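What follows is a set of notes on a single structure, which appears directly below.
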Amino acid sequence: MTTTQDAPASAGSTDLTARQEQAANTIFRGLSTTAALLILITLAAVATFLLAEAWPALTDASGELAAKVSWIKPDDGESLIQIAGFLIYGTVLISAMALLIATPLSIGIALFISHYAPRRLASGLGYLIDLLAAIPSVVYGLWGAIVLIPVLQPFYQWLADYLGWIPLFAPAEDGTVSATGRVALSASIVLAIMVIPIITAVTREVFLQTPKLHEEAALAMGATRWEMVRMAVFPFGRSGMIGATMLGLGRALGETMAVFMILSSGLTYSLQILNAANHNTIASYIASQFPEANSQGVSALIALGLALFVITLLVNMLARWIVSRRAEFSGAN
Amino acid sequence: MKIATRTGAVAAAAVLSIALAACSASNEDPTPSDTSSETPTEDAMELSGTLNGAGASSQESAMEAWRAGFQSTYADVTVNYDPVGSGGGRTQFLDGATSFAGSDSLMDAEEYELAVARCDGDSGAVHLPMYISPIAVIFNLEGVDSINMDADTIAAIFNGEITSWDDAAIASQNEGVSLPSTAITIVHRADESGTTKNFTDYLAKASSNWGHDASGDWAGAAGESGNGTSALVQIVQDTDGAIGYADASRAGDLGTVALKVGEEYVPFSAEAAAAVVDASPLAEGANGENDLAYELDRTTTASGAYPLVLVSYHILCQQYDDEAERDLVTSFLKYVASAEGQEQAASAAGSSPISAGLSSQITAILDEIAAA
């Protein structure tokens, strides 16, 4: 009796659920497809905007640009292309130095959190690192310009005095470095502090996903903890670390405010990171020249933005390629 | 206890709001009769609407004061000013998006032509000098408040040729001042700015050794740089032996340079800055005699004139197609040019009030602005 009573009811409810599930499926697929399309459309829109707006500057053959834009001075060796060259060099140099400082530190922090720290300390530290990522870049810029740089300046002079034979730390002709400390190295240090949370967060997740069996196997074979990290954690997390570094590089390349507030800008291919007026980055240059730019100036600045867009795209493609080449070790599988 | 406090608070709030309402009600009645008795102009009461302007950020704090002062007389008028920069302001004005522009630099020939198309009729647009701001050469030297320099010395310093404060070129002009041997740190603007343009214009015209043309973008290769006036002043304040240039109102406690004009050394002052504008001729290519576009005379020898000034203009049409727009523009700009408006700007932004003669000349020009 009970079965005959139950059967139609349960059949009806499965029917209903199936239909509901199907509807939910359709809606959900629609929503996620739209979201995915939206990101493509945004990217395409940005690329189109950059190209369209930069077109007048890129195709300017008559020298009208130089006449209308005061910072384009072909006679002084500062045509738009030459400026782009200086800025790309400055951007890449400053970002690369920032990564050189940030990557070892970040991996150390991530390793400490995932494998060395007591659990309670690890979660607290992880939280603090995430908090560091939430501080706006303008605050980092102000802090760097007002607090950090005056502290660093004597150290820079020391570097130049004793390590001045290294081209990077070479002082100016009279043996002094910038009296204000507003130099490329300062920008790199502040950028490094800004990208540490990003690299740390990603590498920490990857390290945590190291298969327990690998670690235990290493330890069972008599490996010390450091040997275990080297044998099990690093090989497993290598692509993740590279991906995280590239993510950090992306942030460093595009960072505007911190560099804008910290660096005494200049346009050269100099290696001297302790002297002022040698470097500038694309983003910071755009930010400083935009307020007073006329329409031709805006077009030229957007052309510089296009250059930055291309560099960022290349960096991301490189990261993608590296990660996919080592897909078998990826933390994701 | 808690409940009692809360009731008390609510009661207090209620009383307060009633009192406020009573206040505003009692204020409303006499106001119209007050203003009508004070302002004899018949259109004063009718003025309402929104006036949009955009342009030079140098005028921003003065504009705040003008807007507040103007709106206290004409409560129904909203004045908007977008400090997008001189170039952006002129573009917006020429596109017809705003009724007037604020600009640190003059329109070029092409922009004059665009203005003819933008404005009603064929009389184009004119410049009115509304904001005169002396630029101070500021420095940070312990115990020294003022130093005398001629233009050649300043140019040599900013070219990086004079590198220490006790250099003979500086010492010879400053007998009795004990100058330390501190190294000079040059600080200039990193961004394109009207201050830089006027400073380099002064160096290019008044000195023989600057070697660059006037440019809003710093032409020299040496020195530190900061984005914007605040950053520049901050760097000079933080660095012993630093020298830079900034709007005089921002000089604060820093030492300032007295410029050599003729045979004397003139420190910046409001009167000295206004004096150089009155001593300057109008620029070539100006749009008729109503276009007060000055070619600033940086090499003036007029006694007591301070030639290192920034003059910021308001650009407006000689004829508007809409009478309401015309009324808004002219009455606002008349207020700006009035002694009261100039005083407001001086106290808010540290600018130098334009001379009384210039003020009445501007008012006369504004009376001629037509509407179709």
- Message: So, taking all protein chains as they sit and a 1.4 Å probe, how much accessible area belongs to B:Asp95, in Å² rounded to tens?
- Response: 120 Å²
- Return the lysines within reach of B:Lys260: Cα separation strictly under 17 angstrom, same-chain partners fewer than 8 residues apart disregarded; answer none if there are no such residues. B:Lys205
- Task: Sequence neighbours fewer than 8 away in the same chain don't count; with that in mind, list the aspartates and glutamates whose C-alpha is under 13 Å from B:Lys334.
- Result: B:Asp367, B:Glu368
- Query: For a paramagnetic label modelled at 7 Å from the Cα of B:Thr301 toward its Cβ, which residues of region B:245-265 fall within the zone defined by backbone nitrogen distances under 17 Å?
  - Reply: B:260-265
- Message: How large is the convex hull of the C-alpha atoms of region B:77-201 per residue, in Å³?
- Response: 163 Å³
- Accessible area of A:Arg251 in the full protein assembly, 1.4 Å probe (Å², nearest 10): 70 Å²
- Query: Where q = 0.11 Å⁻¹, what log10 of I(q)/I(0) comes from the Debye formula for chain A, counting one point per Cα?
  - Reply: -0.88
- Message: Can you give me the angle between helix A:149-163 and the longest principal axis of chain A, using Cα atoms only, in degrees from 0 to 90, rounded to the nearest 10?
- Response: 70 degrees
- Query: Amide H to amide H, which residues 5 or more places from B:Leu282 or on other chains are under 5 Å from it, using H placed in the peptide plane?
  - Reply: B:Glu295
- Of all alpha-carbon pairs in region B:135-270, indicate the percentage at a distance above 18 angstrom. 49 percent
- Classify region B:235-349 as rounded, prolate or oblate from the Cα gyration tensor: take a ≥ b ≥ c as the square roots of its eigenvalues, call it rounded if a/c is under 1.5, otherwise prolate when a/b beats b/c and oblate if not. prolate
- Task: May I ask you to evaluate 6.51 cos²θ - 1.76 cosθ + 1.60, the Karplus curve with θ = phi - 60°, for each residue of region A:167-183 and list the ³J(HN,Hα) values in order in whole Hz, giving x for glycine and proline?
- Result: x, 4, 9, 5, x, 5, 4, 8, x, 9, 9, 3, 6, 9, x, 7, 10
- With 5 Å bins from zero, work out the P(r) of region B:63-145 over every alpha carbon pair and list the percent per bin. 3, 12, 17, 18, 15, 13, 9, 5, 4, 3, 1, 0
- Taking chain B and dividing mean pair separation by its residue count, relative contact order in percent (alpha carbons under 8 Å, at least six apart): 22 percent
- Cα long-axis angle, helix A:80-111 against chain A (0 to 90 degrees, to the nearest 10): 50 degrees
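Quick check: residue separation of B:Thr73 and B:Ala183 times 0.36 nm, minus the Cα distance between them. What number comes out in nm? Display every interim value, and only then the final one.
Working: separation 110, 0.36 × 110 = 39.60 nm, distance 5.33 nm.
This chain segment gains 34.3 nm when fully extended.
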- Query: Which value, in Å² and to the nearest 10, is the accessible area of A:Thr48 when all protein chains are kept and the probe is 1.4 Å?
  - Reply: 90 Å²
- Note on the structure: In degrees rounded to 10, the 0-90 angle between helix B:60-73 Cα long axis and the longest Cα principal axis of chain B is 30 degrees
- Note on the structure: With the label point 7 Å along the Cα-to-beta-carbon line of A:Trp55 and a cut-off under 18 Å to each amide N, the hits in region A:295-322 are A:295-307
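On a full-extension model of 0.36 nm per residue, what is the gain between A:Trp165 and A:Arg19, subtracting their alpha-carbon distance, rounded to one decimal in nm? It would help to have the intermediate numbers written out before the result.
Values: separation 146, 0.36 × 146 = 52.56 nm, distance 7.61 nm.
Here the segment from A:Trp165 to A:Arg19 would lengthen by 45.0 nm.
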- Could you check the simple spin-label distance between A:Thr224 and A:Thr42, using points 7 Å along Cα→Cβ, in nm with one decimal? 4.8 nm
- Message: Run the paramagnetic zone check for B:Ala279: 7 angstrom along Cα to Cβ, then residues of region B:207-249 with backbone nitrogen under 19 Å.
- Response: B:207-208, B:248
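Over region B:225-372, calculate the relative contact order: mean separation of alpha carbon pairs under 8 Å at least 6 apart, over the residue count, as a percent.
Details: 165 pairs, mean separation 31.8, N = 148.
Once divided by the residue count of region B:225-372, the mean separation gives 21 percent.
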- Note on the structure: For B:Asn148, other-chain or 5+-apart residues with amide H closer than 5 Å (H placed, Pro excluded) are B:Ala258
- Task: Calculate for the protein assembly as shown the 222 nm mean residue ellipticity that helices alone would give, adding -39,500 (n - 2.57) per DSSP H run of length 4 or more and normalising by residue count, nearest 500 deg cm²/dmol.
- Result: -18000 deg cm²/dmol
- Can you tell me the FRET efficiency between A:Asp174 and A:Lys212 if r is taken as the Cβ-Cβ distance and R0 is 60 Å, rounded to the nearest 0.05? 0.50
- Cβ-Cβ FRET estimate between B:Ser146 and B:Asn209, R0 fixed at 25 Å, reported to 0.05: 0.60
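What FRET efficiency, computed as 1/(1 + (r/R0)^6) with R0 = 51 Å and r the Cβ-Cβ distance, is obtained for B:Glu323 and B:Glu263, rounded to the nearest 0.05? Each step should come with its number before you reach the end.
Values: r = 53 Å, r/R0 = 1.05.
It comes to 0.45.
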- Which of the lysines could a cross-linker span from A:Lys68 if the Cα-Cα distance has to be under 18 Å and same-chain partners fewer than 8 positions apart are dropped? B:Lys197
- Other protein chain Cβ atoms within 10 Å, averaged over every residue that makes up A:178-185: 5
- Task: Name the long-range amide H neighbours of B:Tyr245: under 5 Å, sequence gap of 5 or more, or other chain; modelled H, no Pro or chain starts.
- Result: B:Ile138
- Query: Over chain A, what relative contact order in percent results from Cα pairs under 8 Å that are six or more residues apart?
  - Reply: 26 percent
- For region B:135-270, give the share of DSSP beta bridges that are antiparallel, in percent and rounded to the nearest 5; count only bridges with both residues there. 55 percent
- What shape does the protein assembly as shown take by its C-alpha gyration tensor, where a ≥ b ≥ c are the square roots of the eigenvalues and a/c under 1.5 counts as rounded, a/b above b/c as prolate, and the rest as oblate? oblate
- Say each of B:Ala339 and A:Leu318 gets a label point 7 Å from the Cα, pointing the same way as Cα to Cβ; how far apart are those two points in nm? 6.8 nm
- Query: From the Cα gyration tensor of region A:21-145, with a ≥ b ≥ c the square roots of its eigenvalues, which class applies: rounded if a/c is under 1.5, or else prolate if a/b is larger than b/c, or else oblate?
  - Reply: oblate
- Query: Which net charge results when you count Lys and Arg as +1 and Asp and Glu as -1 among the other residues whose beta-carbon is under 10 Å from that of A:Trp71?
  - Reply: -4
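The values are calculated or read from the model by the stated rules, or taken from the named source; none is laboratory data. Note that this is a predicted model, so its numbers are computed, not measured. Methodologically, a virtual Cβ is constructed for each residue, glycine included, from the backbone with ideal geometry; neighbour enumeration extends over all protein chains shown. We work out accessible area using only protein heavy atoms, side chains counted, and drop any ligands, DNA or RNA first. Shrake-Rupley method; radii C 1.70, N 1.55, O 1.52, S 1.80 Å.
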